[in-house]
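Following: one structure in structure tokens, then a few remarks.
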Amino acid sequence: KGCNVLTYSTVSNDCDYSAKEMRYKSDSVSYVIVTTGKIGRVKVMVPGVFMVYNSLAAGVVSIAEGIDFDTTIDYMQSLTGVKGVVEVVPNNKDCTFIIDFAHTPNALENLLLTVKTIFNKKIILLLLHNTYICTLCFPHP
């Protein structure tokens with residue numbers, strides 16, 4: 001009672017804010033955020049499906065707290081990753097290495113979904129149980 005409820009979605013138009021036209025790359029994700037009377041293009045320098053959800057949620061909260069739409073879009077584009085979260089490791093090998101602290105079944109599922117969405121190639125998964133580090137290697141053709 002007395003709460004301002006805002007909704008957001010990556011699949012439905014029946015919400016206050018929606019993400020459309022998602023494009024996934026190995027180092028980023030971009031999408032269009034749509035709300036009543038406003039549209040903005042967002043590029044976040046962290047790859048993954050989860051980053052659309054997280055950045056969209058952060059943007060909605062920012063706007064709800066009174067920060068205007070365009071300023072919120074600018075802030076969203078300055079988001080950077082956290083070490084160990086879908087972290088692409090530079091190397092001179094013929095594959096892409098990603099380190100992630102995916103230590104729950106849901107986190108691992110989201111990581112693998114992200115990788116499948118971006119690369120759609122053979123995945124070599126190394127799980128180090130004691131440190132909860134997941135290392136992925138994607139051989140290049």
Inset, instruction - Select from the range 49-108 the residues that are of a type in the set (Phe, Trp, Tyr) and touching a residue at least 40 places away in the same chain (Cβ under 8 Å) and write down the one among them that is farthest from Ile39 (Cα to Cα). - result: Phe97
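Yes/no matrix, rows are residues, columns are (1) touching a Cys at 6+ places or on another chain (Cβ under 9 Å); (2) aliphatic (A, V, I, L, M); (3) farther than 26 Å from Phe119 by Cβ:
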| position | (1), (2), (3) |
| --- | --- |
| Tyr17 | no, no, yes |
| Tyr31 | no, no, no |
| Val34 | no, yes, yes |
| Gly48 | no, no, no |
| Ala57 | no, yes, no |
| Ile67 | no, yes, yes |
| Thr72 | no, no, yes |
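Would you please name the residue that is nearest to Pro47 (Cα to Cα), looking only at residues in the range 71-111 that are in a helix (DSSP H, G or I) and of a type in the set (D, E, K, R)?
In this case the residue turns out to be Glu109.
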Legend entry - the range 14-25: number of residues that are part of a loop (DSSP other than H, G, I, E, B) and open to solvent by 100 Å² or more (accessible area, probe 1.4 Å): 2
Legend entry - Filter result (assigned to a loop (DSSP other than H, G, I, E, B), over 17 Å from Ser78 (Cβ atoms) and either open to solvent by 80 Å² or more (accessible area, probe 1.4 Å) or acidic (Asp, Glu) (or both)) within the range 26-48: Thr36, Gly37
Inset, instruction - Would you mind stating whether Val11 is assigned to a loop (DSSP other than H, G, I, E, B) and surrounded by 18 or more Cβ atoms within 10 Å (Cβ to Cβ)? - result: no
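The values are calculated or read from the model by the stated rules, or taken from the named source; none is laboratory data. This structure is a prediction, so every number in the text was calculated from the model and none was measured. Here Cβ is always computed from backbone atoms with ideal geometry, including for glycine, and neighbour counts include all displayed protein chains. Calculation scope for accessible area: heavy atoms of the full protein, side chains included, ligands and nucleic acids excluded. Shrake-Rupley method; radii C 1.70, N 1.55, O 1.52, S 1.80 Å.
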